[in-house]
């Protein structure tokens, strides 16, 4: 059994951690999913967009060997990070100009135009709201059940994955 799987196993003595849960399957079923974010600056470009981008690169991206998205970016804003068997495509927000060449070059269509904004902001899980005992704003304004926050653990049998401190439910992509 690999070490990562062993760490994800439930420990009956351990209390679940307070985490954000995003059901991407349900999210993508909604025709025009809108969610509010408490980030006060650039209201059309909130932290939730950045969170979706990060999750897409972690779970949806096919991590192609030749990675046409990387070679299509003339600003060298995308890079491949490799650590053992883990491969990741990451966008450098300081180099990205929002031209969306990477999205056009992706042969699988997994880089979505709407999640590659010119300006990005990191989701802080509404730190101020949490201190006041409230849930993140995106939880209250998301399509029903697509985003939750609470004492949660990963349920692998439901196609849930722990990405950083966020639990994501998504039907896995399988190479055909």
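The values are calculated or read from the model by the stated rules, or taken from the named source; none is laboratory data. Keep in mind that what you see is a predicted model, and the values were worked out from it rather than measured. FYI the Cβ positions are ideal-geometry reconstructions off the backbone, even for glycines, and counts take in every protein chain you see.
Structure data summary
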read-out: Residues of segment 53-76 satisfying the condition of being touching a residue at least 24 places away in the same chain (Cβ under 8 Å) and part of a loop (DSSP other than H, G, I, E, B); value: 61, 62, 63, 64, 73, 74, 75
read-out: Single unsatisfied condition, residue 146 versus (1) at pLDDT below 90; (2) over 23 Å from residue 29 (Cα atoms); value: (2)
read-out: Any hit, segment 31-40, residues being within 24 Å of residue 153 (Cα to Cα) and either modelled with pLDDT under 75 or assigned to a strand (DSSP E or B) (or both); value: no
read-out: Number of positions in segment 94-137 that are modelled with pLDDT of 85 or more, loosely packed, with under 14 Cβ neighbours inside 10 Å and within 19 Å of the chain's Cα centre (by Cα); value: 1
read-out: Subset of segment 78-93 (residues that are more than 19 Å from the chain's Cα centre (by Cα) and either part of a loop (DSSP other than H, G, I, E, B) or modelled with pLDDT of 80 or more (or both)); value: 84, 85
read-out: Test for residue 69: is it surrounded by 15 or more Cβ atoms within 10 Å (Cβ to Cβ) and at pLDDT 85 or above; value: yes
